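Here the structure is laid out as structure tokens; the discussion comes afterwards.
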Amino acid sequence: MADTSTDNLNEGLFQLLFEKSPGSLLVKADAPRFTIAAVSDAYLQITSVQREDVVGKGFFEVFPDTGDDPNDENTARKVFTKVIETGLKIDVPVYRFDMKDPVTKISSEHYWSCSNIPINCSEGKVAYVLNTVVDITGEVKAKQAAIESENRLLMAADATGLAFWVLDIKTADFSFSPQMVTIFGHPPNTGVSLSFIRNQVHPDDMQNIVLTAYNRALVTGQYEYEVRIFWPDESMRWIRTKGMVLFNDKNQPERMLGTIVDITESKRDEERKNDFIAMASHELKTPLTSLKAYIQLLEVKLSASSDPFVITSLTKALNQVNKMGALVHSFLDLSKIEPGKLQLKKNVFDINKLAQDIIAESRVIAGTHSLKFSANGDIKIHADREKIGQVISNFISNAIKYSPKGSTVTLATEAIENHVRVSVADQGIGIKPRDQEKIFQRFYRVEDDDMKHVAGFGIGLYLSSEIIHRHKGQISVESEEGKGSIFSFTLPLEK
């Protein structure tokens, strides 16, 4: 640094320039007193001291030592001494020095960042130390709060088994919380990469679920799925990940962040429940089949009976057995759908012919309603005829259940571009908007006084939704309270 000295400057000009400089203090190299020669207005403001109480006094008279830590090399006394001895600039990024409020005289926690620059006299010795400070209390406390918040979050995540992750979409940099490696079956603090983690995902789930969800998230901003993974000991586990994508100001995806949790136990509980439902439903099929056969035999045997009570009772009994049989089949389908065991037997068929057959069957049990069918020409699709028929039957059954006697239920099919749309419209009580959002969820039942008399377990529409989605179709409902509902689904046409 070039040799300079305040002795060579016009004292008035120097004083004016220095006082208008940023938060600076000029300290003489007269250790151990370190007399304050000049102070800027900004320094006075951030330290809450007066110029007349500072200039001409020793630095530590104004800013007393707070008990120097012998191992702390960043105390003011040690830093000033080192600058004078070495003639080098020394920066202290962060140090704590508490300040008293000039009114209340109460000390408060303060943090500072400072730079200490040597100023030489004409002989080349350090004559002054220019001490420039910035109050960084706000930044330090914000960082402390963020660290504390992060620690609390990590503790909560550890207690709940959640792991957090962040993926930089451009660079593929992958960071995660410590819980991540244990979820994937590795010892704590094991270093793993994104590709290493992905290699543990079941190949089918990686191809059909993970990659699909990732590409969809880049558009929608939402990321969620459940997949199977393999631990190093080759045992299979289940995880659920949920996250979101952050976009830049050009609407380009930049980062993806989310959580992962091990859901193996809940999946095993579901499997046990599904196994029980399947076993119970299977065992019920045999006695129901026998019961139905006996009732049909009785109908034939007593067909010539003149007692109307006998004929009516047998008809009602057979209807109840048929309902029970349909319920058992629904539970069997439920036990297959959830673990992904439902097999679709696809073939090409005319959906209008299927619809006509279902209308004919439904008229037998829908004597109190008028059933209509609207269609044009042949519409071929490639699907599981029995399962699609089950969905249409469920729509019609619900329409009859939830609409008044004497009203009309209309089944319609129409080809729209490369899809077919099948709809069932009724003139019933309608569905509230809040219920429309949940109507296809498993076991969901509308809580309404008008619905209390209607029996059901809330699985028909859930099964219908799963069947349509497995055909890569869409299912929906349109409804207005008091004016009826339209349930519909779309499926790809046979090419």
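The values are calculated or read from the model by the stated rules, or taken from the named source; none is laboratory data. The structure displayed is predicted, hence computed values, not measured ones. Note that we place each Cβ from the backbone using ideal geometry, even for glycine, and neighbour counts take in every protein chain shown.
Overview of values
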item	result
Members of region 383-407 found to be aromatic (Phe, Trp, Tyr) and either assigned to a helix (DSSP H, G or I) or farther than 16 Å from SER479 by Cα (or both), listed by number	PHE395
Selected residue (criterion: farthest from LEU162 (Cα to Cα)) from residues of region 224-267 that are of a type in the set (Asp, Glu) and in a strand (DSSP E or B)	GLU254
Counted residues, region 245-266 - those being within 22 Å of ILE183 (Cα to Cα) and either in contact (Cβ under 8 Å) with a residue 40 or more places away in the chain or among the hydrophobic types (A, V, I, L, M, F, W, C) (or both)	8
Region 282-315: number of residues that are not hydrophobic (A, V, I, L, M, F, W, C) and not in a helix (DSSP H, G or I)	4
All positions within region 70-98 that are more than 45 Å from the chain's Cα centre (by Cα) and under 20 Å from THR137 (Cβ atoms)	ASP72, ASN74, THR75, ALA76, VAL79
From ALA455, ALA415, residue being at pLDDT below 85, surrounded by fewer than 20 Cβ atoms within 10 Å (Cβ to Cβ) and not in a helix (DSSP H, G or I)	ALA455
Flag if ILE429 is surrounded by 21 or more Cβ atoms within 10 Å (Cβ to Cβ) and out of contact with any His (no Cβ under 6 Å at 6 or more places or on another chain)	no
GLU150 under 30 Å from VAL39 (Cα atoms) and at pLDDT below 85	no
Candidate set from region 267-279 (those that are modelled with pLDDT of 70 or more and more than 19 Å from VAL227 (Cα to Cα)); member that is surrounded by the most Cβ atoms within 10 Å (Cβ to Cβ)	LYS273
Residue that is farthest from TYR214 (Cα to Cα) [pool: residues in region 167-181 that are touching a residue at least 12 places away in the same chain (Cβ under 8 Å) and outside any loop (DSSP other than H, G, I, E, B)]	GLN179
Region 472-487, residues that are outside any strand (DSSP E or B) and modelled with pLDDT under 90	LYS472, GLU481, GLY482, LYS483
Pick from region 237-266, criterion in contact with a helix residue (DSSP H, G or I) (Cβ under 7 Å, 6 or more places away or on another chain) and charged (D, E, K, R), ranking: surrounded by the most Cβ atoms within 10 Å (Cβ to Cβ)	ASP262
Check on ASP426, at pLDDT below 90, assigned by TED's automatic domain parsing to the domain that holds ILE388 and within 20 Å of LYS405 (Cβ to Cβ)	no
Residue in region 122-135 that is outside any strand (DSSP E or B) and touching a strand residue (DSSP E or B) at 6+ places or on another chain (Cβ under 8 Å) present	no
Selection count, region 356-370, where residues are touching a helix residue (DSSP H, G or I) at 6+ places or on another chain (Cβ under 7 Å) and among the acidic types (Asp, Glu)	0
Members of region 169-210 found to be over 19 Å from LEU257 (Cβ atoms), small (Gly, Ala, Ser) and touching a strand residue (DSSP E or B) at 6+ places or on another chain (Cβ under 8 Å), listed by number	GLY185
Total residues in region 371-399, condition more than 25 Å from LYS346 (Cα to Cα) and either buried (at least 20 other Cβ atoms within 10 Å of the Cβ) or out of contact with any helix residue (DSSP H, G or I) (no Cβ under 8 Å at 6 or more places or on another chain) (or both)	3
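Here is a yes/no grid of residues against (1) modelled with pLDDT under 80; (2) in contact with a Leu (Cβ under 9 Å, 6 or more places away or on another chain); (3) farther than 30 Å from ARG268 by Cβ:
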{"residue": "PRO308", "(1), (2), (3)": "no, no, yes"}
{"residue": "ILE311", "(1), (2), (3)": "no, yes, yes"}
{"residue": "VAL321", "(1), (2), (3)": "no, yes, yes"}
{"residue": "SER330", "(1), (2), (3)": "yes, yes, no"}
{"residue": "LYS345", "(1), (2), (3)": "no, no, no"}
{"residue": "ALA355", "(1), (2), (3)": "no, yes, yes"}
